[in-house]
Amino acid sequence: MRLRFWIVNVGLLILGVLVGAWFLSPTSQDQVGAQDPLRGVMQARNLSLDDALAALRTYTPTGVPDEYIMFASGGHSGHVLVVGLPSMRILKVIAVFAPESWQGYAVGHRETEEILKAGGKEITWGDVHHPALSETQGDYDGQFLFVNDKANGRVAVIDLRDFKTKQIVKNPLIYSNHCSAFVTPNTEYIAEAPQYSMPYPVGTYAPLEQYKEKYRGPITFWKFDRTKGRIVPEQSFAIELPPYWHDLCDAGKRVSYGWAFCNSFNTEMAVPNILQMKMPLEATTARNEMDYLHVINWKAAEKLVQEGKYETVAGMKLIRLATAVQAGVLYLIPEPKSPHGVDVSPDGGYVVVAGKLDPHATVYSFQKIQEAIQKGLVEGKDPYGVPILKFDATKAAQVELGLGPLHTQFDDKGYAYTSLFLDSAVVKWSLGEPYFKGDKAWKVVDKVPVHYNIGHLTAVHGDTVRPRGKFLVALNKWSIDRFAPVGPLHPQNFQLIDISGEKMQRLYDLPIPIGEPHYAQIIERSLLKPFEVYPQVGFDPIKMAADPAHTVQPGKERIERKGNTVEVWMTAIRSTYTPDRIEVNQGDRVIIHLTNLERTRDATHGLAIAAYNVNLSVDPGENATVEFIADKPGVYPFYCTEFCSALHLEMAGYLLVKPRTQAMK
Ligand code: K7E
Ligand code: CUA
């Protein structure tokens, strides 16, 4: 009985397995698809198991927000990109250094045009390299984002309550910053050092023959007032540095709090002269075997300013080089030639420098740097009298990583990740104590190819005191063959990499079709608390407060004329402008205050007056003001540029500008 039971059941089981195997074996795609839809899709689309797993790890269903948010530099578009992870969906482009018509940024809108003008001359583009999220105790707090404009020596402040640019400051001492924006651990300051040294202040002339005497590379520490949400130039200061070309900086954290580390190249102080010398700058700036890491005690510099030991140049408090050296604010350490990238480990104990022309990462120990300073372990002074600490006395390790190492990020397990430009790869390696000991320390453990020519890389909170691991994004300069061809100007390629396991796994490619991204930072989304609509009707996004003086209450819409100024007090609500007819005379100054009365999420209205190069984007509850001289006679329709309702096309009106001759009558 029992034996028969077993024979029958085992027989049935074997039959079942055979039948199952027959069904699942690759026959026709339709058959497979019907039995196992997942395998059906994989076969139909020619996907490997790894491809399918990558898709499952990144796919984010509709209505589900991403877990992480990446703020990426938009390069020479002048904008900032906001991307959700792991889906890699682009959520927003924040207009910063260039007019942007979707957001109504600096196209007629009075306040944002003012922001963009900061710096005097009208400049309509910027080159964003390094976004920096505001930090509290060395970790992102989700309140503000700062970005630099490498081209014009500017720094911008973005408020993350509404993801809008609030302020742009122009550095009076420099052009072309690169070491920027980098914040100190409590966002006390935002650092900005020049890429290309020059005579200062901006506008000073000195021939290149006087490079060594007249050119300098001051680093500025912009003071940030968190409650106002603004940089305060009057409380900011700069430290004069030798005329090397400054690359990048990172602020010390935890044990190294109060210090900053900036690398530099062209310590040869070569100047361009290719026609006569028959030598390009790329050769003349790479002759020295070593360049210099700058070690800066910004806390001590702050004290010098409090003691009045500065001069004021073009409104900026400037600590002279000699003063800085004397007070122990500035030291140099040799670093392998032409470095790019300096990154402080999460515990603040190590400073990682990568040399473009050296296959190693050079790691300095903060403790050894301090000992070298205390014991006076110097190998000499540079031509400007800055003490040079001994390389061997400050070095913790040199780790051979591969070709063209640039930038480094960290995870939650004691590993560092470095981009390899020439190898087109990301390499994962272990740090030393307290993370790893003995022969486990300073070891390459994994390497993954990326496509292609990676510049920066960024991991979740990967440059803070508390990296989260999980994901890393490779910011690749070239995409070459990764996407459908779209002409000779190719997109860049962001590659999402899973770093939660031992081996890195590439998950997703995101083409970037606007500007050339450099750095990016990834924050946990739960730390961001943006408005869904402005908190009350009549909100001014620049003041980040209600603006009763310019709020138009429903029923109080009107047009007032005072001399040649016509002031229009207008409201917008689906699908009506009140008033919808504006009659002025040629030459009148026209001011339109527009209040969006909506309280519904997403109910944004536009206001396009194309003939006057105006387009507003007014979010629910927002106030905006437009000002222009009506110098062109004629009849100009205006309309709403946001498809706000079924009758959106009816949201329109006319601006009539009476010609001067007729207006006289
Ligand atoms: Cu492109 Cu930080 Cu300007 Cu490196 S930078 S890649
Ligand atoms: Cu308002 Cu369309």
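The values are calculated or read from the model by the stated rules, or taken from the named source; none is laboratory data. The structure presented is a predicted model; accordingly, all values stated were derived computationally and were not measured. Cβ: placed from backbone, ideal geometry, glycine included. Neighbour counts: every protein chain shown. Ligands, DNA and RNA are stripped out before the accessible areas are found, and what is left, the full protein with its side chains, is counted by its heavy atoms. Shrake-Rupley method; radii C 1.70, N 1.55, O 1.52, S 1.80 Å.
Quick notes on this one:
- Yes/no for Gly203 being in the same structural domain as Ala354 (by TED's automatic domain parsing), small (Gly, Ala, Ser) and in contact (Cβ under 8 Å) with a residue 24 or more places away in the chain: no
- Which listed residue, of Tyr200, Tyr175, is assigned to a loop (DSSP other than H, G, I, E, B), open to solvent by 10 Å² or more (accessible area, probe 1.4 Å) and farther than 21 Å from Ala301 by Cα: Tyr175
- Checking Glu234, Glu192 one by one, the residue that is in a strand (DSSP E or B), of a type in the set (D, E, K, R) and surrounded by 20 or more Cβ atoms within 10 Å (Cβ to Cβ) is Glu192 and no other.
- Complete set of residues in the stretch 466-496 that are more than 16 Å from Asp66 (Cβ to Cβ), assigned to a strand (DSSP E or B) and out of contact with any Asp or Glu (no Cβ under 7 Å at 6 or more places or on another chain): Ala474, Leu475, Asn476
- Restricting attention to the stretch 618-644, the residues being closer than 29 Å to Ala545 by Cβ and either within 16 Å of ligand 1 (Cβ to nearest atom) or small (Gly, Ala, Ser) (or both) number 2.
- Subset of the stretch 317-334 (residues that are touching a Phe, Trp or Tyr at 6+ places or on another chain (Cβ under 9 Å) and not polar (S, T, N, Q)): Lys317, Leu318, Ile319, Arg320, Leu321, Ala322, Val325, Val329, Leu332, Ile333, Pro334
- Counted as qualifying within the stretch 307-407 are the helices (runs of 4 or more DSSP H) with 2 or more residues that are crowded, with 19+ Cβ neighbours inside 10 Å, namely 321-326, 366-375.
- Residue count, the stretch 620-638 (criterion: over 15 Å from Glu111 (Cα atoms) and within 34 Å of the chain's Cα centre (by Cα)): 2
- Near pairs, Cβ below 8 angstrom, 6+ apart or cross-chain, from the stretch 58-80 (more than 18 Å from Asn177 (Cα to Cα)) to any residue that is surrounded by fewer than 22 Cβ atoms within 10 Å (Cβ to Cβ) and polar (S, T, N, Q): Thr58/Ser87; Tyr59/Ser87; Thr60/Ser87; Asp66/Thr60; Asp66/Ser87
- Residues located in the stretch 259-292, provided they are closer than 16 Å to Pro336 by Cα and touching a Lys or Arg at 6+ places or on another chain (Cβ under 7 Å): Glu268, Ala286, Asn288, Glu289, Met290, Asp291
- Of the residues examined, Asn585 is one that is assigned by TED's automatic domain parsing to the domain that holds Tyr612 and either at pLDDT below 95 or in contact with a Lys or Arg (Cβ under 8 Å, 6 or more places away or on another chain) (or both).
- Among the residues of the stretch 63-102, those that are of a type in the set (S, T, N, Q) and more than 21 Å from Arg525 (Cβ to Cβ) comprise Ser77, Ser101.
- Search result, residues across the stretch 452-465 that are under 16 Å from Ala416 (Cβ atoms) and either outside any strand (DSSP E or B) or within 16 Å of ligand 2 (Cβ to nearest atom) (or both): His461, Gly462, Asp463, Thr464, Val465
- Total residues in the stretch 43-62, condition open to solvent by less than 80 Å² (accessible area, probe 1.4 Å), farther than 13 Å from Leu85 by Cα and not in a helix (DSSP H, G or I): 2
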